[in-house]
Structures are given as structure tokens and as C-alpha cells.
Amino acid sequence: MTANQLPVVLITGATSGFGLATAQKFAAHGYPLIITGRREERLQTLCEELSKLTQVFYYSLDVRNSDAVSEFVQAIPNDFKQIGILVNNAGLALGAEPADQASLKDWHTMIDTNVTGLVNITHSLLPILREQKTASIINLASIAANWPYPGSHVYGASKAFVAQFSRNLRSDFAGTGIRVTSLEPGLAESEFSLVRFNGDQEKYAQIYDGTNAIQPEDIANIIFWIAEQPAHININSLEVMPTSQAWNPLKVVKQ
């Protein structure tokens, strides 16, 4: 397959973590890219870096704003209209306190980003994806979608939405050539976690010290592998943890 036959890859939240590593991975293999995020300076720098490897279009975007998403889709140049891979990576976690101590504003921000933002971008791009002979939607969920843990409350619930939304899309588009995957990482070391702890470097370091956690490049490799599967293969969901992470016995509280 020559470079001009490769589908365009659209990645949300491309300025750091999984999104950044994924953009670099696809660019290294010559895929044309559309990269979005809220931090325009970072997007511009990344665009300059990746443009040495492939064609890149960047757009500063807050996926929570449905009007802005619609404007973005209209602004995509004709050369980038053949979007065949959508990586819904934009998302965040805020706080790890028990629910009664959590900020309602943080809850709303997580829902607006992880749920509403993903819905906005997916709905706006479905007409383009349906035009392709084959297309892939890869949604970044989390093991928090499958396993409860203290302090996960709204974050875990929002990622459960992502996982179920992925399955429902898969049902809607069975037989159409559109593939849908819910990718569910466990303990991963990236700026994502630093945001969750409000920039607290000490708390961040304590979480990851000695864990050999998943790195953004690991997730980028998995996303690339999913996208590169033959057209008749759909990876429905994929849960991945570092080997240092597993499940504990169920919690029992004695009275």
C-alpha cells in the first residue's frame, strides 16, 4: 500500500500522552494526520515535527463544544476528507477523593469531556466514516469502565459509557465496514495522571514509583496494531494492564 492510499487518521487530544504518542506512531508509517487539542502552541509544534514525515492538518478544538466541533468538520481541507481511522483519545480524570469530598465541577468536566465530547466528535464524523469502504473507530476507555475502585466514581462511570457506546456503535454498523474498538488501559504513566492530581508531582511520583507502568508509546503501538488488522477483523474490546497490576480480593468491611 502506497502512502497516498493510506486513510487519514484523526486523533483527538493529540497534544500529550496517548494522543501524542499515537500521532507520532502513525506519522512514522506515513499516515496522513488530523490532530486536535485545546493547546494550539503544542499542536503547532507537533505539526511542524510530524510534517517532516507525513501530511498533517491541525486544529485547536474543545470537543465539549458541539458548535466548535461542527465548525471543525466543515474546516477540514479536501485533501484530508478521507478519514478512515478515528482515535477518540480526548479525555481526563480529575481528583481521586471519595465521592462525598469530590468537586461537582470536576464531575461535570469529566462528563462533558469523556462523554459529551466523544459523542460530539463521533456523531459529526460518522457521515464521513460511512463514506469509506472500511473505517475504524478506536475509543479510549479504561479498566475503570470494568472494575470499580475508590475515588473512581464519575471517571469510571464516564469510561463505562465509552465502553458501552463502543459496543452499541458496533451493533449499529455491523456489516458496513466500520469497525469499533473499546481500548481499556490500566495503570499508565502520562500527563493524564498529573492532571488528575492537579499537578502534584510528589503524588504522581508515589503512584508510579517501582510499578513499570504502561507508557504512552505502549498504547500507541496497540492502537496502531488494532487499526492495521485486516478489514474482516474487529477487536471489540481490549483491556491491558502492566504486569505489575492485577486484581485484589474483594473488599470486606467488618462491623
Being in contact with a strand residue (DSSP E or B) (Cβ under 6 Å, 6 or more places away or on another chain), farther than 22 Å from Leu183 by Cβ and either of a type in the set (Val, Ile, Thr) or loosely packed, with under 15 Cβ neighbours inside 10 Å (or both), is that true of even one residue in the range 9-32? no
Condition first: in contact with a strand residue (DSSP E or B) (Cβ under 8 Å, 6 or more places away or on another chain) and aliphatic (A, V, I, L, M). Now tell me which residues in the range 33-73 satisfy that. Leu33, Ile34, Ile35, Leu43, Leu46, Leu50, Val56, Leu61, Val63
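I'm checking my understanding of the structure. Among residues of the range 93-106 that are crowded, with 17+ Cβ neighbours inside 10 Å and not charged (D, E, K, R), which one is nearest to the chain's Cα centre (by Cα)? Show your work before the answer.
Just the residues of the range 93-106 that are crowded, with 17+ Cβ neighbours inside 10 Å, to begin with: 93-96, 102, 106.
Next cut, not charged (D, E, K, R) only: 93-96, 102.
On the way: Ala93: 13, Leu94: 16, Gly95: 19, Ala96: 20, Ala102: 24 Å.
In this case the residue turns out to be Ala93.
Any idea which of Asn88, Asn78, Asn120 is free of Cβ contacts under 8 Å to residues at least 24 places away in the same chain and not acidic (Asp, Glu)? Explain how you work it out, then say what you get.
Working: Asn88 fails: free of Cβ contacts under 8 Å to residues at least 24 places away in the same chain; Asn120 fails: free of Cβ contacts under 8 Å to residues at least 24 places away in the same chain.
Among Asn88, Asn78, Asn120, only Asn78 is free of Cβ contacts under 8 Å to residues at least 24 places away in the same chain and not acidic (Asp, Glu).
Taking the options Asn114, Asn139, name whichever one is in contact (Cβ under 8 Å) with a residue 24 or more places away in the chain, assigned to a strand (DSSP E or B) and touching a Ser or Thr at 6+ places or on another chain (Cβ under 6 Å). Before you say what the answer is, go through the steps one by one.
On the way: Asn114 fails: assigned to a strand (DSSP E or B).
Testing whether each residue is in contact (Cβ under 8 Å) with a residue 24 or more places away in the chain, assigned to a strand (DSSP E or B) and touching a Ser or Thr at 6+ places or on another chain (Cβ under 6 Å) leaves just Asn139.
Within the range 147-172, can you find the residues that are farther than 19 Å from Leu238 by Cα and not in a helix (DSSP H, G or I)?
At the first step, the residues of the range 147-172 found to be farther than 19 Å from Leu238 by Cα are 149-154, 172.
Residues satisfying the conditions are Tyr149, Pro150, Gly151, Ser152.
If a residue has to be of a type in the set (Phe, Trp, Tyr), part of a helix (DSSP H, G or I) and out of contact with any Phe, Trp or Tyr (no Cβ under 8 Å at 6 or more places or on another chain) to count, how many in the range 173-196 make the cut? Give the derivation first.
Going through the range 173-196, the residues of a type in the set (Phe, Trp, Tyr) turn out to be 173, 192.
Still in the running and part of a helix (DSSP H, G or I): 192.
Filter again for out of contact with any Phe, Trp or Tyr (no Cβ under 8 Å at 6 or more places or on another chain), leaving none.
Residues meeting the conditions: 0.
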Test: Ala188 is modelled with pLDDT under 95 and under 23 Å from Leu20 (Cβ atoms): yes
Could you check Arg38 against (1) crowded, with 20+ Cβ neighbours inside 10 Å; (2) modelled with pLDDT under 95 and say which number it fails? (1)
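Mind checking which residues of the range 212-243 are of a type in the set (S, T, N, Q), part of a loop (DSSP other than H, G, I, E, B) and surrounded by 13 or more Cβ atoms within 10 Å (Cβ to Cβ)? Step through it out loud before you land on a result.
Looking only at the range 212-243, we keep the residues that are of a type in the set (S, T, N, Q), and these are 212, 215, 221, 229, 234, 236-237, 243.
Subsequent filtering for residues that are part of a loop (DSSP other than H, G, I, E, B) retains 212, 215, 229, 234, 236, 243.
Those that are of a type in the set (S, T, N, Q), part of a loop (DSSP other than H, G, I, E, B) and surrounded by 13 or more Cβ atoms within 10 Å (Cβ to Cβ): Gln215, Gln229, Asn234.
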Looking across the range 107-146 at residues that are more than 12 Å from Val63 (Cα to Cα) and touching an Asp or Glu at 6+ places or on another chain (Cβ under 9 Å), the single one that is surrounded by the most Cβ atoms within 10 Å (Cβ to Cβ) is Ala141
Members of the range 70-108 found to be among the small types (Gly, Ala, Ser), more than 30 Å from Ala27 (Cβ to Cβ) and not in a helix (DSSP H, G or I), listed by number: Gly95, Ala96, Ala102, Ser103
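The values are calculated or read from the model by the stated rules, or taken from the named source; none is laboratory data. The structure displayed is predicted, hence computed values, not measured ones. With ideal geometry, Cβ positions are generated from the backbone for all residues, glycine too; neighbour counts draw on all protein chains shown.
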